[in-house]
Amino acid sequence: MVVMTTHTEPRDTSAVGKNPHKRNAIGTAMRVLTTVTGSDFAEKYQIREPINRIAYQATKTGFQTLGAANRAFKKVQSGGSGGAKRLTTAPKDYFNLNPDDEQQMIAETVKEFAEEILRPAAYEADNAATAPDDIVKRSAELGITMINVPEDFDGAATERGVVTNALVAEAMAYGDMGLALPLLAPSGVATTLTNFGSDGQQKTYLPDFAGENVPQSAVVVAEPRALFDAFSLQTKATRVPSGYRLNGVKSFVPAAGSSELFIVGAQLEGRPALFIVESDSQGLIVEADPGMGVRAAGMGRLLLQDVAVPESALLGEEAGEAAFAAYRDVVRLSRLGWSALAAGTGRAVLDYVIPYVNEREAFGEPISNRQAVAFMVANIATELDGIRLVTLRGASRAEQGLSFARESALARKLTLDKGLQIGLDGVQLLGGHGFTKEHPVERWYRDLRGAGIGEGIVVL
């Protein structure tokens with residue numbers, strides 16, 4: 001086993017011809033949660049009560065509130081044997097596109113949940129610009145967050161599961177990307193703390209992510225400005241005797257009004273770093289900020305006005321190169337996560353338009369008989385495979401502790417260009433129906449636009 005280091009970047013071996021020969025055996029698969037295998041998942045068919053619609057305070061007109069403060073995290077100082085707990089990485093003999101039995105079971109379980117629970121609720125959630133509270137609670141049955149928490153903190157992870165996380169994100173987005181974001185965001189926080197948090201940070205926060213009442217939380221990187229660059233932040237962190245002071249505005253925060261914990265990107269001494277900010281911190285204000293796409297996520301923004309955090313709030317508690325390396329890898333992992341979401345939504349578009357073009361008739365025959373229509377459907381399938389393969393390759397390399405910067409950048413580019421084209425072609429294939437809310441493709445088109453600009457949140 002090779003223990004992943006978080007403070008150094010592996011040499012770039014992702015290009016063709018640069019892959020080193022791997023001599024270690026394939027690592028054992030991550031243990032599957034008993035909550036997945038033994039859950040009463042079938043109970044979803046017995047849902048009788050209408051799904052509660054929990055809206056933000058004055059969502060349509062905007063609101064300003066202090067962050068949610070539903071629990072008190074018990075601060076634990078770094079110390080003890082072994083330091084921070086890191087998940088191991090296991091080099092593999094070859095790149096295998098076939099998920100193992102356990103990954104397949106997890107992906108199928110999540111996809112079933114997405115189809116049967118998320119998709120029927122997506123229309124109302126999109127209109128309300130918030131995720132129903134009932135769905136958020138039911139998603140905990142899947143144990144999505146626990147598979148990223150080490151066993152030392154009552155989780156189920158023994159090895160890094162980046163590929164598994166990518167498959168889960170893809171399956172969730174197949175139901176609805178907007179609803180997937182607030183469900184996956186806490187898992188992104190757990191992954192970030194596990195891979196890059198200090199011993200004290202892990203002991204303080206990770207146990208809550210392995211319990212039944214997982215805190216709503218998010219890794220927050222994006223800022224509300226044109227041509228946003230994740231590596232040139234306007235949110236600033238300034239050193240003070242007591243720690244740091246944060247000032248700036250962060251956007252694209254799922255379930256912002258109900259979140260209890262944020263990991264916020266800010267510029268520290270000329271380089272970006274990540275800071276842990278609890279929602280009840282003085283000076284932190286939450287605003288509703290619904291947009292064009294992923295509306296069901298209940299997007300908001302954070303106003304940071306002289307928010308004081310202790311020295312222990314810096315992710316990893318090591319300033320300088322270590323803090324920047326952690327930030328860089330979190331951004332790259334999140335870009336793979338957004339590409340996985342785009343792959344899931346793109347698959348939903350493809351599966352929806354194929355039966356439509358085969359059944360829709362014009363001039364006495366299905367419109368799929370026309371070459372222009374058939375080519376458009378084929379292009380969707382081709383570009384979708386491209387996004388998915390690059391994403392899985394990047395996830396596989398990250399899981400092994402290899403460089404994945406190239407794959408992350410390519411996945412980002414494909415999601416931005418081809419993901420948007422998939423949504424556009426889906427709307428076009430439905431003709432006038434694609435322009436109405438009678439069909440979900442117009443919502444998927446809006447969500448795919450969001451996937452091309454999203455940062456943070458879905459950290460694999």
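The values are calculated or read from the model by the stated rules, or taken from the named source; none is laboratory data. Model, not experiment: these values are computed from the prediction. When we count neighbours, we look across all protein chains shown, and the Cβ atoms used for this are built from the backbone with ideal geometry, even at glycine.
Residue-by-condition table, conditions (1) buried (at least 24 other Cβ atoms within 10 Å of the Cβ); (2) under 17 Å from Val189 (Cα atoms); (3) at pLDDT 95 or above; (4) not assigned by TED's automatic domain parsing to the domain that holds Leu167:
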| residue | (1), (2), (3), (4) |
| --- | --- |
| Arg239 | no, no, yes, yes |
| Ser242 | no, no, no, yes |
| Gly248 | no, no, yes, yes |
| Gly265 | yes, yes, yes, yes |
| Asp280 | no, no, no, yes |
| Leu284 | no, no, yes, yes |
| Leu314 | yes, yes, yes, yes |
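Restricted to region 357-406, and to residues there that are touching a residue at least 40 places away in the same chain (Cβ under 8 Å) and among the hydroxyl-bearing types (Ser, Thr, Tyr), the residue that is nearest to Glu170 (Cα to Cα) is Thr391. Restricted to region 201-302, the set of strands (runs of 3 or more DSSP E) holding at least 3 residues that are at positive phi comprises 243-253. Regarding region 446-460, can at least one residue be identified that is over 20 Å from the mean Cα position of the chain (by Cα) and surrounded by fewer than 22 Cβ atoms within 10 Å (Cβ to Cβ)? Checking region 446-460: not a single residue is over 20 Å from the mean Cα position of the chain (by Cα) and surrounded by fewer than 22 Cβ atoms within 10 Å (Cβ to Cβ). For Ala409, the conditions (1) of a type in the set (A, V, I, L, M, F, W, C); (2) surrounded by fewer than 18 Cβ atoms within 10 Å (Cβ to Cβ); (3) within 26 Å of Tyr123 (Cα to Cα) are fulfilled apart from (3). Pairs are defined by a Cβ separation below 9 Å, a sequence spacing of at least 6 or placement on different chains, a first member in region 185-201 that is over 22 Å from Gly454 (Cβ atoms), and a second member that is surrounded by 24 or more Cβ atoms within 10 Å (Cβ to Cβ) and not aliphatic (A, V, I, L, M); the pairs so defined are Gly197/Tyr205.
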